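Below is one structure, written out as structure tokens, with a few remarks after it.
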Amino acid sequence: MRVLVVGSGGREHALAWKLAQSPVVEELHAAPGNPGIASLGQCHPIRAEDGESLLELARTLAADLVVIGPEAPLVAGVADQLRRAGVAVFGPSVAAAEIEGSKSFAKDVMRAAGVPTAETMSVARLPCVVKADGLTAGKGVFICRTQEDLEAALRAVSAFGAQWVIEELLEGEELSLFAIVDGGNILALPESRDYSRVGDGDTGPNTGGMGSFSPVPELEASRVTELVDAIHRPVVEEMAVRGTPFIGCLYAGLMLTADGPRVLEFNCRFGDPETQVILPRLDGDLAQALLAAAQGDLAEVELGVSDTCAVTVALAAGTYPEGRDTGSPISGVEEAADLGALVFHAGTAVRDGQLVTSGGRILNVTGLGDTLEEARTRAYEACERISFSGARFRRDIAAKAVNVAG
């Protein structure tokens, strides 16, 4: 099988890493890819949103499967362009990708499907949450507990140039839950929890994600299946009824409240950095599973889940999330890998033979272990080996979960 992964971040590196392990994958390609993916296959300098060039590349490669990682090309309709040309694509159509592309659309689908979610407010009443309606790379959600918070949030969402949604503020523990979907059949993946705020103790602005871990100690494996049946399945059925079947990874961000689970948001792709802790826990052939989903034939597919624990820490630029870093030399990646960590490239480049920074989140460091404490220790030991100018990372990823598990 020849597989083409579309995207250039840590999520795409993790996908490429797992797909390359499949015994049926003979060639792995990426567009545009990154230096980490380049060690697994061939990278091609084509933007993820350039559907026409991606189609030409897929035809040239005779790709058996195209896996689209980021949300932007999905919302832009790249999957449709490829699918219309007869290419097997793992990723939803532009109509189905609206589940992430528009908060108001997602609310409408959830109401029709009877899925519990945060109540929408016609007028802001504190405390509340203000969300930009369109794509914001995870940076368009603002928790407002004071009038000053609300005024700052409204200014911020206005800067995104989009409409916004105001919701009730839910209290509880967050959970990221993923499922592979073929338009009707659903295959649940392991749960995870991510950290969206930039600073320790969940302080500072929202980011694309500063770390994650899996499993979540307070959630039994049987509960994951129950949640997918209660949350994902009605949405998948509703979208099929609307004539916009969802094919790809359906990602539900949940809040586990005292009154039960509530959906915070739906996304139309694998999470980042949740993918970096979910995929190392999967047993089985991911390539075959994604191809089956793309072909509408997921019913008989199974993927096992190991008892391995995984913790990922994002190493980011010093000015992230407001800024990026470009051209700063990176050292210590090989030393981190020698400790047994998985180092996924998120914002890197190679210049004159030197690995350098090229983004906001630079690297994702994943530690594995028999316990969350062991995985966390290994992740942070590896992080300490890596350095670049201004590097920052949270020191509390999975800390609370380790106490719960202990």
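The values are calculated or read from the model by the stated rules, or taken from the named source; none is laboratory data. Every value quoted in this text rests on a predicted model; they were computed, and no experiment measured them. Positions of Cβ are generated from backbone atoms using ideal geometry, with glycine treated the same way; all protein chains shown enter the neighbour counts. Accessible surface is based on the protein model in full, side chains and every heavy atom, while ligands, DNA and RNA are left aside. Shrake-Rupley method; radii C 1.70, N 1.55, O 1.52, S 1.80 Å.
Numbers below:
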{"quantity": "Whichever residue in the range 195-228 is under 19 Å from the mean Cα position of the chain (by Cα), at pLDDT below 95 and of a type in the set (S, T, N, Q) and, among such residues, is nearest to Gly253 (Cα to Cα)", "calculated": "Ser196"}
{"quantity": "Subset tally (residues that are among the basic types (Lys, Arg) and assigned to a helix (DSSP H, G or I)) for the range 15-64", "calculated": "2"}
{"quantity": "Residue satisfying all of: in the range 114-123; buried (at least 18 other Cβ atoms within 10 Å of the Cβ) and more than 23 Å from Glu148 (Cβ to Cβ); modelled with the highest pLDDT among these", "calculated": "Val115"}
{"quantity": "Top-ranked residue in the range 391-406 [being in a loop (DSSP other than H, G, I, E, B) and in contact with an Asp or Glu (Cβ under 6 Å, 6 or more places away or on another chain); ranked as nearest to Ser196 (Cα to Cα)]", "calculated": "Arg394"}
{"quantity": "Top-ranked residue in the range 157-178 [being touching a Cys at 6+ places or on another chain (Cβ under 7 Å) and part of a strand (DSSP E or B); ranked as most open to solvent (accessible area, probe 1.4 Å)]", "calculated": "Glu168"}
{"quantity": "Subset tally (residues that are under 21 Å from Cys43 (Cα atoms), among the hydroxyl-bearing types (Ser, Thr, Tyr) and open to solvent by 30 Å² or more (accessible area, probe 1.4 Å)) for the range 316-361", "calculated": "2"}
{"quantity": "Among the residues listed as Leu126, Leu150, Leu154, the single one being aliphatic (A, V, I, L, M), surrounded by fewer than 21 Cβ atoms within 10 Å (Cβ to Cβ) and part of a loop (DSSP other than H, G, I, E, B)", "calculated": "Leu126"}
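Per-residue answers, yes or no, for (1) small (Gly, Ala, Ser); (2) assigned to a loop (DSSP other than H, G, I, E, B):
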| site | (1), (2) |
| --- | --- |
| Leu298 | no, yes |
| Val311 | no, no |
| Ala314 | yes, no |
| Thr319 | no, yes |
| Gly327 | yes, no |
| Ala336 | yes, no |
| Ala349 | yes, no |
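Listed here are the residues, each with its yes/no results for (1) surrounded by 16 or more Cβ atoms within 10 Å (Cβ to Cβ); (2) in contact (Cβ under 8 Å) with a residue 24 or more places away in the chain; (3) under 27 Å from Ala96 (Cα atoms).
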position: Lys18; (1), (2), (3): yes, yes, yes
position: Ile37; (1), (2), (3): yes, yes, no
position: Cys43; (1), (2), (3): yes, no, no
position: Ala48; (1), (2), (3): yes, yes, yes
position: Arg59; (1), (2), (3): no, yes, yes
position: Ala62; (1), (2), (3): no, yes, yes
